[in-house]
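Written out below as structure tokens is the structure these notes cover.
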Amino acid sequence: MSTPTRTYRGRAVDELIPRIQAELGPEAIIVRRRDGLTGGILGFFQHPFVEIEAMPGGPRIDVYDEDHSAEPTQSAAAIQPPPERRPAAGEPPAPVAPPAPAPAPALSPFYTREPASPPAYGSAYVTAHLAALARADRSKVGQLTPIPEHRREPPAPGADFQELIPRDLPPPGLRARSEAEYAPVPYAPVPYAPAPYAPAPRAPAPERRRVAPDRSKIGQHTRARAGVEKTLRGVGISEELTRELIDRATAHTLALAPRSGLAQAVRVTLAQCIPVAPPLPASGAAIVVIGAGGAGKTTCCATLLAAYRTSSTLPARFATLTRGSERGELQMILSPQIMKPTPANAPRALRALRAARTGGLAVIDTPQLSPVDRASIRELARLLVELEPERVVVALPATLGATAAAQLLTALSPLGANALAVTHAEETDQIGVAVEVACTFGLAPEFLLDRARSGGWRLSRTDPTGLAAKLLP
């Protein structure tokens, strides 16, 4: 017949322990504990509670040592060993007793199961169990073992209840297994035979459903789309790039700025597509301008040199690369160091150019190049590898068509150009052609050369935002 249990509920464990000990005795056993919340209104203002289910324990066991004062005691003479007897003259020596056998080796740490028997719990165990509950240390509850006979003594004040657990005895219900009962299994390696590789079959890709575009949203920009297409086509942008810019703007730019309008969204998208050249170092640099005949590269060099000499903190020098008589080698003139034409790859010319770009700006003009003259382009490319200029600018007339501009930039690609100067910008409004080829070949449209109202030349620096606003007002 099972022992009935009682349930106690309160706000804390400290509040319930006196009640349990008063009603069930100090040998009470905690069966179950549950924490929860109660009270409140609509789930608010609830307070925690503790519910403990306990049952009476067994009879009390005296854990104190018995009184041995009545036992007879032996005198000091009784426990002393007898005096050693020496043999007389002529008497054979007494036989020597063999040494005591060595203690048996310790048993194996493996244990065997014994028949289950009810554990003997004492008051010290119950006290330690309730103390663990009071400290809310639930990780140690249930890990206590019955206290053996030789350790049943009241715990010292402040000692941990785990000190009562014996360290030299097997767990409850187990006994030590002898060496005769323990026979280790001999190790036998299992032969490994790898399975032949077979690729896993691929599952067929799920069929993608085509989602029809939202025609209602496309119809909102029909009139604005027609106006943007007309404006971009009027400045020389191709139909393919125009369509791509509008599709990108409606797909991404308008999603984050729906009130800006289609024209503003396309302007932002166009500015993102235009390449940007890295800034020049403040300690000095070399700028090389290349281009075909009549492209305006010499005018671009003169205007750039005058602008630096007027407003820059760096001293500017001008070097000219010319072709010798009868298509000879490249020669250099650098005033005031080199006043006579000198081979451009000569050590003297390289040292003078290196000194001019150290702490200053060196603007280098090159001879005119033709897209069909591959030999001259390769010779100039070898010289630029030795010079290592920070900027190689292609002078591209805005009057060139898309096909001619693409052919010129393809032929000049061995020179490693990284920037573009749009020249003759006052002669046409088709600046979009130069901007499109710059995006195609990865060249930054950095300069814009046109005539000023006073009749002279004007060189201005461009940026992607300003250039996009010029193409699409």
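Every number here is computed from the coordinates shown, using simple stated rules; none is lab data. Because the structure is a prediction, the values reported are computed rather than measured. All Cβ positions, glycine included, derive from the backbone under ideal geometry; neighbour counts span all protein chains shown.
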Next item on the list: Filter segment 435-462 down to residues that are among the hydroxyl-bearing types (S, T, Y) and under 46 Å from the mean Cα position of the chain (by Cα) and give me whichever is surrounded by the most Cβ atoms within 10 Å (Cβ to Cβ).
Entry: T462
Checklist line | Scan of segment 276-331 for residues that are within 28 Å of V435 (Cα to Cα) and of a type in the set (V, I, T), ordered by number | finding: V276, I287, V288, V289, I290, T298, T299, T303
Check: Does G359 count as under 30 Å from R233 (Cβ atoms), in contact (Cβ under 8 Å) with a residue 24 or more places away in the chain and either of a type outside the set (A, V, I, L, M, F, W, C) or assigned to a loop (DSSP other than H, G, I, E, B) (or both)?
Finding: no
Check: Got at least one residue in segment 379-395 being in contact with a helix residue (DSSP H, G or I) (Cβ under 9 Å, 6 or more places away or on another chain), closer than 30 Å to H424 by Cα, in a helix (DSSP H, G or I) and without any contact (Cβ under 8 Å) to a residue 40 or more places away in the chain?
Finding: yes
Notebook entry, point to check: Out of the residues in segment 235-270 that are surrounded by fewer than 13 Cβ atoms within 10 Å (Cβ to Cβ) and more than 35 Å from the chain's Cα centre (by Cα), which is farthest from A402 (Cα to Cα)?
Noted result: R259
